[in-house]
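One structure is given below, encoded as structure tokens.
The values are calculated or read from the model by the stated rules, or taken from the named source; none is laboratory data. These numbers come from a predicted model, not from an experiment. Cβ: placed from backbone, ideal geometry, glycine included. Neighbour counts: every protein chain shown.
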């Protein structure tokens, strides 16, 4: 076995999924004995067999990746419970193993994956899904790019056919529950840390945090970064539709039409709302030029 073969062999053995009780599997995917394979390239000592020594690395690898997911989804863990969460993460990572040089991207597919696996969050699947979506939006908002916001002179040139974009870090969510309250409660109960790439607190140990009661209530959120801090801002339905349309490269006229197509507000009331939406978003620097074109007049 040359060096490259040895590296590939150990990488495969270390990253092989654990059993349901978090131990190393005794058989490889092809049915071969892991114990025999381990003894072919790992020397035992007076305390540990080759299998035991390999198992240490196998378990530590999985504890690290599970811990990384738990850091980014601490509120999801609180909703489904620690035991169910660990089983959920193991199932997720079996289908979505790490393929990036950074652990930051490990949970990127979890919300979409969880949507297709309601059995892993039953009976609170819908709530758990909203929580997962918000927690990943938090990571995206923290790490997302920020470009030069529109200036006052650029705003003055906008017309009905103009197109503009939202800052890449702004995340818009249409949720079934007001889970911003729940996620904030869990994060506030977690020990404070300096935010790095994962943008969340360390995995909380100890008692499960007390969760606020949740009832179905359609909630629209903008998750955004301001002065290096992530905020959740609730939106009314019209504001959500307007911003979503702009995010999809619709013109100003198309976005406004989409926002108020079913509205019973008077033209004057609509104008007041539009002015308020743009004033607040502009103050936060949400608007920027469309990445593929100049502002169109």
Subject >> Residue ID - nearest to residue 188 (Cα to Cα), chosen from residues in region 207-241 that are outside any strand (DSSP E or B), touching a helix residue (DSSP H, G or I) at 6+ places or on another chain (Cβ under 6 Å) and free of Cβ contacts under 8 Å to residues at least 60 places away in the same chain >> reply: 212
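For the structure I just gave you, tell me whether residue 6 is outside any helix (DSSP H, G or I) and either surrounded by 11 or more Cβ atoms within 10 Å (Cβ to Cβ) or under 27 Å from the mean Cα position of the chain (by Cα) (or both).
Answer is no for this residue.
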Original post:
Does region 93-119 hold any residues that are part of a loop (DSSP other than H, G, I, E, B) and over 10 Å from the mean Cα position of the chain (by Cα), and which are they?
Top reply: 96, 97, 98, 99, 100, 101, 102, 116, 117
**OP:** Among residues belonging to region 15-27 that are within 16 Å of residue 61 (Cβ to Cβ) and in contact with a helix residue (DSSP H, G or I) (Cβ under 8 Å, 6 or more places away or on another chain), point out the one that is surrounded by the most Cβ atoms within 10 Å (Cβ to Cβ).
**Re:** 24
**OP:** Restrict the check to region 36-44 and report whether at least one residue is closer than 24 Å to residue 93 by Cα, out of contact with any strand residue (DSSP E or B) (no Cβ under 9 Å at 6 or more places or on another chain) and either exposed (fewer than 11 other Cβ atoms within 10 Å of the Cβ) or touching a residue at least 12 places away in the same chain (Cβ under 8 Å) (or both).
**Re:** yes
Original post:
When you go through 158, 127, 90 one by one, which is the residue that is more than 22 Å from residue 62 (Cα to Cα), surrounded by 11 or more Cβ atoms within 10 Å (Cβ to Cβ), in contact (Cβ under 8 Å) with a residue 40 or more places away in the chain and over 16 Å from the mean Cα position of the chain (by Cα)?
Top reply: 158
**OP:** May I ask you to list the residues in region 79-92 that are modelled with pLDDT of 90 or more and touching a helix residue (DSSP H, G or I) at 6+ places or on another chain (Cβ under 9 Å)?
**Re:** 79, 80, 84, 85, 88, 89, 91, 92
Original post:
Going by the structure shown, is residue 218 in contact with a strand residue (DSSP E or B) (Cβ under 9 Å, 6 or more places away or on another chain) and modelled with pLDDT of 70 or more?
Top reply: yes
Original post:
Which ones in region 57-87 are assigned to a loop (DSSP other than H, G, I, E, B) and surrounded by fewer than 17 Cβ atoms within 10 Å (Cβ to Cβ)?
Top reply: 81
Original post:
Could you count how many residues in region 9-33 are under 27 Å from residue 120 (Cβ atoms), touching a strand residue (DSSP E or B) at 6+ places or on another chain (Cβ under 9 Å) and not in a loop (DSSP other than H, G, I, E, B)?
Top reply: 1
